[in-house]
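Since the structure comes first, as structure tokens, the remarks are kept for the end.
The values are calculated or read from the model by the stated rules, or taken from the named source; none is laboratory data. This is a predicted model, so every value here is computed, not measured. Because the Cβ atoms are built from the backbone with ideal geometry, glycine has one as well, and the counts that use them run over all protein chains shown. The protein model used for the area step is the full one, side chains on, heavy atoms only, and it has no ligands, DNA or RNA in it. Shrake-Rupley method; radii C 1.70, N 1.55, O 1.52, S 1.80 Å.
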Amino acid sequence: MIKQFNDKEYTWEGVDTLVYKQDGSPFKDVTRQVLFNGSFDIPCQFRYFEVKPGGYSTLEHHEHTHMVMIFRGQGQCLLGTTVTDVKVGDFIEIPSHTIHQFRANKGDYLGFLCLVNIDRDEVKIPDAAQIEELKTNPVVKEFLESC
Ligand code: MN
């Protein structure tokens with residue numbers, strides 16, 4: 001099956017553009033498109049997430065792993081206690097139990113492809129005390145307050 005890509009809209013033929021999350025977790029200006037929803041021998045979802053300029057994904061952690069490739073624009077990624085500039089083509093592996101967040105904080109869109117297992121644990125949000133702990137790192141503090 002071929003789903004043709006629209007390079008003006010960053011959409012794929014026949015694929016709905018959805019709200020990023022519907023679990024009440026905090027995020028800003030993120031959409032989700034599910035390109036592939038698993039097959040008997042590939043029990044994975046392949047999604048495209050897009051963060052508008054100034055937006056951000058949920059600050060979260062969980063047991064399941066992500067494989068991410070930046071597909072549009074640029075921004076920054078928090079991975080553990082490391083903040084890294086990311087742009088089109090960069091590949092990011094997010095291991096188990098590692099806090100992560102994507103921010104479109106470079107005046108540009110930040111779109112990324114993300115592979116995840118169909119069978120996965122629920123996302124966990126750090127509590128206020130954990131966020132304060134994270135912010136003891138000045139680089140992480142600046143990142144979290146950058147949008
Ligand atoms: Mn995640």
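What the table shows:
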item	result
Cross-chain or 6+ apart pairs with Cβ under 9 Å, segment 95-115 first and charged (D, E, K, R), then more than 9 Å from the ligand (Cβ to nearest atom) and outside any strand (DSSP E or B)	ARG103/PHE143; ARG103/LEU144; ARG103/SER146; ARG103/CYS147
Matching residues, segment 100-132, being assigned to a loop (DSSP other than H, G, I, E, B) and under 17 Å from GLY75 (Cα atoms)	ALA104, ASN105, LYS106, GLY107, ASP108, TYR109
Selection from segment 81-98 of residues that are under 16 Å from GLU145 (Cα atoms) and either crowded, with 17+ Cβ neighbours inside 10 Å or touching a strand residue (DSSP E or B) at 6+ places or on another chain (Cβ under 9 Å) (or both)	VAL83, THR84, ASP85
TYR109, sole failed condition from (1) more than 12 Å from the ligand (Cβ to nearest atom); (2) open to solvent by 50 Å² or more (accessible area, probe 1.4 Å); (3) over 13 Å from the mean Cα position of the chain (by Cα); (4) not acidic (Asp, Glu)	(3)
Output for segment 1-31, where each listed residue is outside any loop (DSSP other than H, G, I, E, B) and β-branched (Val, Ile, Thr)	THR11, VAL19, VAL30, THR31
Lone unmet requirement of (1) away from the ligand (no atom under 11 Å from the Cβ); (2) open to solvent by 60 Å² or more (accessible area, probe 1.4 Å); (3) among the hydrophobic types (A, V, I, L, M, F, W, C) for VAL140	(2)
Odd one out for THR58 among (1) in contact with a strand residue (DSSP E or B) (Cβ under 6 Å, 6 or more places away or on another chain); (2) within 13 Å of the ligand (Cβ to nearest atom); (3) open to solvent by less than 20 Å² (accessible area, probe 1.4 Å)	(1)
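For (1) within 14 Å of the chain's Cα centre (by Cα); (2) within 11 Å of the ligand (Cβ to nearest atom); (3) assigned to a strand (DSSP E or B), each residue gets a yes or a no:
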| site | (1), (2), (3) |
| --- | --- |
| GLN33 | yes, no, yes |
| ASN37 | no, no, yes |
| PRO43 | no, no, yes |
| PHE49 | yes, yes, yes |
| LYS52 | yes, no, yes |
| PHE71 | yes, no, yes |
| GLN74 | yes, no, yes |
